[in-house]
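J.: Shown below is the structure under consideration.
The values are calculated or read from the model by the stated rules, or taken from the named source; none is laboratory data. Keep in mind the model is a prediction, meaning the values are calculated, not measured. Here the Cβ positions follow ideal geometry from the backbone for every residue, glycine too, while neighbour counts run over all protein chains shown. Note: areas computed on protein heavy atoms with side chains; ligands, DNA, RNA excluded. Shrake-Rupley method; radii C 1.70, N 1.55, O 1.52, S 1.80 Å.
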Amino acid sequence: WERLALPAWVPPSEAAQIAERLDMWVESLLHPTLRPLLLKLEDALTRPLTPVWLCAGEPLDAAQTIAATHGCNAVICVSASRVLSAERARELFSWPYVQGAGDDEENWARGLTASKWWEWRERLLSIAATSPELAEKELCMLQDAPGS
């Protein structure tokens, strides 16, 4: 890797934690078992990869513009959180807004694990298409069922 490219809204402490782990992550990608895959990827890519960071509310075409301007293939990295200053968050919310917590599934998944999602997805999605409230009740019943 050449350099760590993070958006301005990543706090310095978090950027330092990422930078500290980056060599280890690169090393794990260079594992011999991944070599055939990496060679195929290298052959397929005609331009370098670069991360392009988007957060909630930003248009996807911004990423495409950045990639075209810099002559690279964009790896679009998405944050579920809105980027807000602490002052703006206090104006908008009566509760503390924690940027980056959108991917903390314990805060919003209501106990639904990835494996249970895949097991129940068709059932839940078909119900949610007509009534999100009924889908929520169905999820509660599925989770409370013996053996779930």
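J.: What whole-number value in Å² describes the accessible area per residue of the stretch 1-50 for a 1.4 Å probe?
T.: 87
J.: Just the accessible area per residue of the stretch 105-147, please: how many Å² with a 1.4 Å probe?
T.: Each residue of the stretch 105-147 exposes 80 Å² on average to a 1.4 Å probe.
J.: While we're here: Within the stretch 1-44, what whole-number % of the accessible surface is contributed by carbon and sulfur, with the 1.4 Å probe and all protein chains included in the calculation?
T.: Answer for the stretch 1-44 is 61 percent, counting heavy atoms of protein chains only.
J.: Under a 5 Å amide H to amide H cut-off, with H placed in plane at 1.01 Å, what residues pair with Val52 once short-range neighbours are removed?
T.: Val75, Ile76, Cys77
J.: Considering all projection directions equally, how large on average is the shadow of the alpha-carbon convex hull of the stretch 105-147, in square nanometres?
T.: For the Cα atoms of the stretch 105-147, the hull's average projected area reads 3.0 nm².
J.: Are there any chymotrypsin sites (Phe, Trp or Tyr not before Pro) in the stretch 1-41 that are in a DSSP loop and have at most 11 other Cβ atoms within 10 Å? List them by number.
T.: Passing both the DSSP loop test and the Cβ count: Trp1.
J.: Another question, then. Once you have the Cα-Cα distance between Leu134 and Ala114, take 0.36 nm times their residue separation minus that, and quote the gain in nm to one decimal.
T.: Gain on stretching Leu134 to Ala114: 5.2 nm.
J.: Once phi is turned into ³J(HN,Hα) by the Karplus curve 6.51 cos²θ - 1.76 cosθ + 1.60 with θ = phi - 60°, what whole-Hz value does each residue of the stretch 120-128 show in order, with x for glycine and proline?
T.: Here the 3J(HN,Hα) series is 9, 4, 4, 4, 5, 5, 5, 6, 5 Hz.
J.: Give me the number: length gained by fully extending Leu29 to Leu60, i.e. 0.36 nm times residue separation minus the C-alpha to C-alpha distance, one decimal in nm.
T.: Here the answer is 8.4 nm.
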